1. Out of everything in region 95-122 that is more than 28 Å from residue 57 (Cβ to Cβ) and not charged (D, E, K, R), what residue ends up being surrounded by the fewest Cβ atoms within 10 Å (Cβ to Cβ)?
2. Return the only residue of 90, 81, 59, 67 being at negative phi, at pLDDT below 90 and surrounded by 15 or more Cβ atoms within 10 Å (Cβ to Cβ).
3. Which one of these does residue 190 not meet: (1) under 19 Å from the mean Cα position of the chain (by Cα); (2) outside any helix (DSSP H, G or I); (3) not aromatic (Phe, Trp, Tyr)?
4. Given (1) modelled with pLDDT of 95 or more; (2) surrounded by 16 or more Cβ atoms within 10 Å (Cβ to Cβ), identify the lone condition not met by residue 293.
5. Residues to consider are 280, 236; find the one that is in contact with a Phe, Trp or Tyr (Cβ under 6 Å, 6 or more places away or on another chain) and either surrounded by fewer than 21 Cβ atoms within 10 Å (Cβ to Cβ) or over 30 Å from residue 181 (Cα atoms) (or both).
6. On the basis of being surrounded by 14 or more Cβ atoms within 10 Å (Cβ to Cβ), modelled with pLDDT under 95 and either touching a Cys at 6+ places or on another chain (Cβ under 6 Å) or of a type in the set (Lys, Arg) (or both), does residue 304 make the cut?
7. Name the single residue, out of those in region 123-169 being of a type in the set (Val, Ile, Thr) and crowded, with 17+ Cβ neighbours inside 10 Å, that is nearest to the chain's Cα centre (by Cα).
8. It is to be established whether one or more residues within region 114-128 are small (Gly, Ala, Ser), closer than 16 Å to residue 203 by Cα and in contact (Cβ under 8 Å) with a residue 24 or more places away in the chain.
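The values are calculated or read from the model by the stated rules, or taken from the named source; none is laboratory data. Since we're looking at a predicted model, the values are computed, not measured. Every residue, glycine among them, receives a Cβ derived from its backbone with ideal geometry; neighbour counts consider all protein chains shown.
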Amino acid sequence: MKRCTVLKVLLGAFIIIFAASCAGGPEPVEPEEPVVEAPAEEKPADTPVQEDVPEMDPSQMEPDKASIDALNAALARAERSRKQAADLDSSSYFPADWENAESLFGEGRDAAQDKNMAAYTKAAERYTKAAEAYDAVAQKALPLYADARRKELIDSREAALEAGIASIDPDRLAEADSAALSAKELYDFGDYYGAAETAATAQKRYAILETGAKAYTAKSEIDRRGFSKYDQRNYAAAENLSVSALDAYDSGDLNTAERESSQALQYYETALRNGREGNARMYSEAAATERREAQNLKAHIAVKDDFNRASAVYAEADTQFRAGEFDAAAVLYEEAERLFGEVRQLAAEKRRLAQEAMAKAQQKINESEKRALEADATLQGGE
């Protein structure tokens, strides 16, 4: 609108000047420049005056979502770091550092008991410092922990070898050796976490193989000595578990393999123990039979010293049996059976000789009586 007004003024001035020049009149008067008024400035709206709001004390404020989330995050981190440090036996290697971290963790836990924003903030800070302290002590303990696991790994392998695994199952031993070699390489490269994890796997394999070798040895003795007849239930259970444990081992399910191989060993050992007991009991019964037969022949009188020696062996066998030393008891019972057998034979021979002597004596008596009767008859006939 303002632009149209200015144009009209300028156009009007132009017409006047043109007309005047055509009429030859006086010099035209220069028209005044039209004044264009600037638009009036708009007054800003009235701004309300900001009144001073007093700051609230965080200790008097309820925890908001941000402070709660921060506390939970700090606590979760501290707990993870604490578990890691504990798993690495940090408290054993560096007790002072561990106690410092524990103190910070406890301060965080105590601060979180007050349900206000200041307390939550303080608790989160303490938990964060605790996590850092746990991480630091874990880092210091890690090489020592890894070295200890390496030594345990060597010991586990030696135990498996002593159990006879090299001749029983060399292929599975080689598999465990491969895992152990990987752990050593990781340790040498400084990858302590990886070395510890791989060593733990290898160590578990060695432990399973040691258990399996012991189970195999127990089974072999049961089979060799024919002891399964004394405990068929436990023997059958052990057989089933052994097969299942090997399948789990080969598939990498080491936890199942460890559990089932251990159970199989327990069942085999129970069956073997019962077999040894049954075997000793069999020899005990045989010895007792010989003892009774010897007594029936009055061997405890006829060959008293020999009978007492056999009885002493028999008594020692009973002592071993009550102590659970069934194999030792079986050997002693077998010896007692032999000794009682000899005593019985001696008593029988003495009895036979005595009976022969008695028979001869009786024969002589009979002959003497006959002669006496004949003599008596002769005397009576003479009268």
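1. The initial filter retains those residues of region 95-122 that are more than 28 Å from residue 57 (Cβ to Cβ), namely 95-102.
Checking which are not charged (D, E, K, R) leaves us with 95-96, 98, 100-101.
On the way: 95: 11, 96: 8, 98: 22, 100: 17, 101: 26.
My answer is 96.
2. Numbers: 90 fails: at pLDDT below 90; 81 fails: at pLDDT below 90; 59 fails: surrounded by 15 or more Cβ atoms within 10 Å (Cβ to Cβ).
Result: 67 is the single residue among 90, 81, 59, 67 that is at negative phi, at pLDDT below 90 and surrounded by 15 or more Cβ atoms within 10 Å (Cβ to Cβ).
3. Here residue 190 clears every test but (1).
4. (1)
5. Values: 236 fails: in contact with a Phe, Trp or Tyr (Cβ under 6 Å, 6 or more places away or on another chain).
Only one candidate passes the filter, namely 280.
6. Values: surrounded by 14 or more Cβ atoms within 10 Å (Cβ to Cβ): no; modelled with pLDDT under 95: yes; either touching a Cys at 6+ places or on another chain (Cβ under 6 Å) or of a type in the set (Lys, Arg) (or both): yes.
No: the conditions fail for residue 304.
7. Residues of region 123-169 that are of a type in the set (Val, Ile, Thr), as a first pass: 128, 137, 154, 165, 168.
Next cut, crowded, with 17+ Cβ neighbours inside 10 Å only: 128, 137, 165, 168.
On the way: 128: 32, 137: 25, 165: 21, 168: 24 Å.
This residue is 165.
8. Filtering region 114-128 down to residues small (Gly, Ala, Ser) leaves 118-119, 123-124.
Filter again for closer than 16 Å to residue 203 by Cα, leaving none.
Taking every residue of region 114-128 in turn, none turns out to be small (Gly, Ala, Ser), closer than 16 Å to residue 203 by Cα and in contact (Cβ under 8 Å) with a residue 24 or more places away in the chain.
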